Amino acid sequence: MVNDEVTDLRNRLRRLEAAETARDHLHAYARVLDDPDPDTVTALFAADGVLSTPSREARGVAQIREFFQGAFAADPSIKRHFVANTEVTSVEATRVRTQSQFLFTGRGRDRSVIGWGDYTATIDTAGARPMFSELRIAIDVSTDLATGWPK
């Protein structure tokens, strides 16, 4: 192999490893949401990370922790989160951008819930562990089973 080919292969391997690390990070986020703890989920974000949801934008770990603390308290149902159809849209050095779909189900004392939507994430893979630089959540449906989701 010529040096250029080795360099190209090394760069491809780095991009593939970064993409897989980002996918794993999205799945780790879903697992953390299944056992809701504001500190644990906040630890998945960079110190200057941004979380955007339909209801608000949180900047930095203090605001992100506050967001999750409020969200977990507002809906204490037992949930399961699933990440699907993750597409890596770009890999630039140590930043990976992804788009995914998610589904969640929940079981509360007096109702069951279901919802789905999209995640758009930028994940920094440079450090000892990956971190969300940005996570945008778009919720298409969030409802209880009695109400359903008619058009």
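The values are calculated or read from the model by the stated rules, or taken from the named source; none is laboratory data. This is a predicted model, so every value here is computed, not measured. Please note: Cβ atoms are built from the backbone with ideal geometry, for glycine as well, and neighbour counts cover all protein chains shown. Side chains are part of the model used for accessible areas, which takes the heavy atoms of the whole protein and leaves out ligands, DNA and RNA. Shrake-Rupley method; radii C 1.70, N 1.55, O 1.52, S 1.80 Å.
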Each residue of the range 30-47 in order: what ³J(HN,Hα) in whole Hz does its phi give by Karplus 6.51 cos²θ - 1.76 cosθ + 1.60, θ = phi - 60°, with x for Gly and Pro? 4, 5, 5, 5, 6, 10, x, 9, x, 5, 5, 5, 5, 5, 7, 10, 5, 3
Pop out the Kirkwood hydrodynamic radius of the range 1-66 from its pairwise C-alpha distances, inverse of mean 1/r, in Å to one decimal. 14.2 Å
What FRET efficiency comes out for the pair Arg15/Ser55, r = Cβ-Cβ distance, R0 = 35 Å, nearest 0.05? 0.50
Once amide H atoms are placed 1.01 Å from N in the peptide plane, what residues at a sequence separation of 5 or more from Phe45, or on another chain, have their amide H within under 5 Å of its amide H? Phe132
Taking every alpha carbon pair in the range 73-146 and sorting the distances into 10 angstrom bins from 0 up to the bin holding the longest one, the percent per bin comes out as 18, 39, 27, 14, 2
Carbon and sulfur together cover what percent of the accessible area of the chain at a 1.4 Å probe radius? 50 percent
Under a 1.4 Å probe, what is the accessible area of the chain per residue, stated in Å²? 61 Å²
Calculated from backbone phi, Karplus (6.51, -1.76, 1.60) coupling profile of the range 103-110 in Hz, x at Gly/Pro: 9, 9, 10, x, 10, x, 5, 10
Extended-chain gain in nm, criterion 0.36 nm per residue less alpha-carbon gap, Glu5 and Asp39: 7.8 nm
Cα pairs beyond 26 Å in the chain, in percent, come to 30 percent
Under the Karplus curve 6.51 cos²θ - 1.76 cosθ + 1.60, θ = phi - 60°, whole-Hz ³J(HN,Hα) for the range 10-16, x wherever Gly or Pro sits: 4, 5, 4, 4, 4, 5, 5
